[in-house]
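Written below as structure tokens is the structure these notes are about.
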Amino acid sequence: MAGALETFGATGDVLELAGGTGWWTAHLGRTAGHLTVIDSSPESLELNRKRVGRPDVDYLIGDLFTWQPLRTYDVVFFSFWLSHVPRSRFPGFWSMVRSCLAPRGRVFLIDNRIEIPGPNVIRRDSDLELRRVHDGREFRVIEVFYEPEELQSLLGDEGWTARIDATRWFIFGEASPSDVRQPARPEAAPNAP
């Protein structure tokens, strides 16, 4: 998936939603002209800041279900976040993502394709899991899994053009608003005889 992100080219002004502890932030920092990371957890953002170690990355604390951008970005990236967006909030989330994009802006996403079993999952009902952590506390967690075709169709219904691919465990791909014509990607030159 890192190779697909590299091919995508997260350049220019990049926004990472739900940046967490920074594993993907470090990858984005290699190509982004400017990088902004938002997450609801100050503790995660502090770990992100330490991992990435760049003073030129902007960090924002915010709830992605209520946050609204103050400016736009060339690329919006998120990993392992869409699966935590309840189906009822899917349209609103993608509307917020659209509001983050500059003209001709693009989105790249990575997420789980299927549930990866773990010892802390007690019960799963539809898109909701009950998990128990090491100290015995229990939490309900939204886990929505998509197949590439389903996600592309749902995005099409919301006015997006998407190319979603998959491995055995993960989905990944790109999307852009359907009303925005993207520049053609250069084709590789054929091999000369």
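Every read-out reported here was derived from the displayed coordinates using simple, explicitly stated rules and does not represent laboratory data. This structure is a prediction, so every number in the text was calculated from the model and none was measured. FYI the Cβ positions are ideal-geometry reconstructions off the backbone, even for glycines, and counts take in every protein chain you see.
Could you tell me what percent of the DSSP beta bridges with both partners in the chain are antiparallel, to the nearest 5? Antiparallel bridges: around 55 percent, rounded to the nearest 5. Taking the chain as a Gaussian network of alpha-carbon nodes connected by springs under 10 Å, the highest mean-square fluctuation of the residues Glu158, Glu138, Glu46 belongs to Glu138. Working from Cα pairs under 8 Å separated by at least six residues, relative contact order for the chain is 17 percent. Averaging the sequence gap over all C-alpha pairs within less than 8 Å and six or more residues apart, then dividing by the number of residues, gives the range 1-76 a relative contact order of 36 percent. Of the chymotrypsin sites (Phe, Trp or Tyr not before Pro) in the range 1-90, the ones in a loop by DSSP (not H, G, I, E or B) with at most 14 other beta carbons within 10 Å are Phe65. Positive end of the dipole of the chain (Cβ unit charges, origin at the Cα centre): among Asn112, His34, Phe77, the Cα lying farthest that way belongs to His34.
Counting only Cβ charges, +1 for Lys and Arg and -1 for Asp and Glu, the dipole size of the chain around its Cα centre is about 260 debye. Here the Gaussian network model covers the chain, with springs between Cα atoms less than 10 Å apart; of Leu101, Leu47, Leu28, Leu47 fluctuates the most.
Summarising the label geometry, the points placed 7 Å from Cα in the beta-carbon direction at Ser88 and Trp169 lie 3.2 nm from one another.
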